[in-house]
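Undergrad: My questions all concern the structure below.
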Amino acid sequence: MVSAGGRPPRQGRGREEDSGGMTERVVYTRRIAKVVKGGRRMRFNALVVVGDGQGGVGAGLGKALAIPDAVRKGNAAARRVMVKIPRKGSTIPHEVKVKLGASTVLMKPAPAGTGIIAAGAMRAMLELGGIQDVVAKSMGSRNPINTAYATLEAFREMVRAQEEVAYRRPKAPPAAPAQSA
């Protein structure tokens, strides 16, 4: 099937579903070289984002001699650091701004129907986390690895804020026993 532009239809932004109900997306790969006595030793990095579409998302960096091995290692690393994103309907509960290293990440809730206004690693994390309406901006570093880690920290900050509110909110007094006449 060919679309109107003469190109084949897109295949869902490089997503892969596995048996655990998780979707993974390779956000960034690069070749890195270590200079040794005999020349350059080539390796690969892969930044992988995994999510369950229900608020769980993680990002991990894998390094190996071949890209498939780096992706597998990145997937395992991402599953180890998964965070549950607090949600309010189809968006996030409140605005959050986090600075991690040189990256600054700003996320704001948006009304239903807005969609995900974000790019790069941040967009992948929001999509795989099941967030549908959000406005986000990454400032400072343009490195996708730093942006992904700053986004993960922003999600953790939202979780901490919810826990803090629950802790500070006064507990309801126990109900008085009913008196019989």
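Undergrad: How many residues are open to solvent by less than 20 Å² (accessible area, probe 1.4 Å) and under 21 Å from THR29 (Cα atoms) if we restrict to the range 130-146?
TA: Here the count works out to 1.
Undergrad: On the given criteria, is GLY89 more than 13 Å from the chain's Cα centre (by Cα), more than 18 Å from MET122 (Cα to Cα), open to solvent by 20 Å² or more (accessible area, probe 1.4 Å) and modelled with pLDDT under 95?
TA: Numbers: more than 13 Å from the chain's Cα centre (by Cα): yes; more than 18 Å from MET122 (Cα to Cα): yes; open to solvent by 20 Å² or more (accessible area, probe 1.4 Å): yes; modelled with pLDDT under 95: yes.
Here the answer is yes, as GLY89 does meet what is asked.
Undergrad: Filter the range 48-84 down to residues that are in a loop (DSSP other than H, G, I, E, B) and open to solvent by 10 Å² or more (accessible area, probe 1.4 Å), then give me how many there are.
TA: Going through the range 48-84 one residue at a time, the tally reaches 7.
Undergrad: Moving on. Does PRO111 fit the bill of being assigned to a loop (DSSP other than H, G, I, E, B) and in contact with a Ser or Thr (Cβ under 9 Å, 6 or more places away or on another chain)?
TA: Values: assigned to a loop (DSSP other than H, G, I, E, B): yes; in contact with a Ser or Thr (Cβ under 9 Å, 6 or more places away or on another chain): yes.
So PRO111 passes the test.
Undergrad: Quick check on ARG41: is it open to solvent by 10 Å² or more (accessible area, probe 1.4 Å), outside any helix (DSSP H, G or I) and of a type outside the set (Phe, Trp, Tyr)?
TA: Yes; evaluated as a whole, the condition is true for this residue.
Undergrad: (1) on the phi < 0 side of the Ramachandran plot; (2) modelled with pLDDT under 95: which one isn't true of GLY115, the others all being true?
TA: With (1) on the phi < 0 side of the Ramachandran plot; (2) modelled with pLDDT under 95 applied to GLY115, the lone miss is (1).
Undergrad: Among what's in the range 149-181 and is of a type in the set (A, V, I, L, M) and either in a loop (DSSP other than H, G, I, E, B) or farther than 17 Å from LYS84 by Cβ (or both), pick the residue that is modelled with the lowest pLDDT.
TA: Filtering the range 149-181 for residues that are of a type in the set (A, V, I, L, M) and either in a loop (DSSP other than H, G, I, E, B) or farther than 17 Å from LYS84 by Cβ (or both), the one modelled with the lowest pLDDT comes out as ALA181.
Undergrad: Also, I was wondering about something else. Where the second residue is polar (S, T, N, Q) and part of a strand (DSSP E or B) and the first is farther than 19 Å from THR23 by Cα and lies in the range 39-53, which pairs have Cβ atoms under 8 Å and are six or more apart or on separate chains?
TA: PHE44/THR29; ASN45/THR29
The values are calculated or read from the model by the stated rules, or taken from the named source; none is laboratory data. Remember, predicted model here, so these are calculated numbers, not experimental data. For neighbour counting, all protein chains shown are included, and Cβ atoms are generated from backbone atoms with ideal geometry for every residue, glycine included. Just so you know, the surface numbers come from the protein's heavy atoms only, side chains and all, with ligands and any DNA or RNA stripped out. Shrake-Rupley method; radii C 1.70, N 1.55, O 1.52, S 1.80 Å.
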